[in-house]
């Protein structure tokens, strides 16, 4: 049982270090994107009355609506609710707050039974497990959106070429395509039908799904509505560009597969070797957990493993 707790502590410390390193690595880019978005919003609202980005009332589909409303009033609750909506999870923010507290308490008591010194650190790492789950679900949903988005553009182009209006064509996309493309387009059409201008509805789509292809789509449609042109041809060309870009992205993932696999192996090898050595000779490994210098070496090893993994990820990351 001790090696299970040791493995859990190792994963908790490694996850905390990887999360901190990833946050530090992405902080400059996030600040730059926020500054750029703020300047774009200032330019878009110059001389125009401020309009709500959405006229649809958010749905509280969770089993605890009272707690969802209480948590949703805070800034963290609204961010959590938006993350859950982007991930396609029909749960309110209160459920995830309770899940975070439950994971933290479980990790705290389980670690305190054997290693009290690491109980707080383990609880802090387990507190972010539901948030990590939402981020993984959101990344997978956005990946599916990217795969189906060219098909949505082709359907829009064919519908407009057949004589349908742009809003009608978007409604057809929302009805014919499955999640996540269909619901997002349907939500955009509903916002426009409830009185939101098409410009703000498309900007809301690009905010809910902050992908580069969606921003290209919104910019192309709004530019065509202001300057004129063949919208069907524009969308057809955009679909071809998105497909070529997605093809290049898949080629890059194939070329960098060796580096990613190396990072996974290097990250899992020390923990696996520690478990094997504990089964073969427990007394030899127990020194790492009973002596202060052994615990310091474990923390140092976890830190260096996390830094190496993040460094490998940075090397093989190629923007397309």
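Table: residues versus (1) buried (at least 17 other Cβ atoms within 10 Å of the Cβ); (2) in a helix (DSSP H, G or I).
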position	(1), (2)
157	yes, yes
164	no, no
187	yes, yes
205	yes, yes
214	yes, yes
223	no, yes
235	yes, yes
239	yes, yes
Spot the failing condition for residue 179; the list is (1) over 25 Å from residue 79 (Cβ atoms); (2) touching a residue at least 60 places away in the same chain (Cβ under 8 Å); (3) part of a loop (DSSP other than H, G, I, E, B), and only one is missed. (1)
Given the criteria part of a helix (DSSP H, G or I), on the phi < 0 side of the Ramachandran plot and exposed (fewer than 11 other Cβ atoms within 10 Å of the Cβ), does residue 261 qualify? yes
Any residue at all in segment 233-254 that is touching a helix residue (DSSP H, G or I) at 6+ places or on another chain (Cβ under 7 Å) and at pLDDT below 85? yes
Examine segment 278-285 for a residue that is within 27 Å of the chain's Cα centre (by Cα) and surrounded by fewer than 11 Cβ atoms within 10 Å (Cβ to Cβ), and state whether such a residue exists. no
Spot the failing condition for residue 299; the list is (1) under 30 Å from residue 156 (Cβ atoms); (2) in a helix (DSSP H, G or I), and only one is missed. (1)
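The values are calculated or read from the model by the stated rules, or taken from the named source; none is laboratory data. The structure presented is a predicted model; accordingly, all values stated were derived computationally and were not measured. A quick note on method: Cβ atoms are made from the backbone with ideal geometry, for glycine too, and the neighbour counts reach across all protein chains shown.
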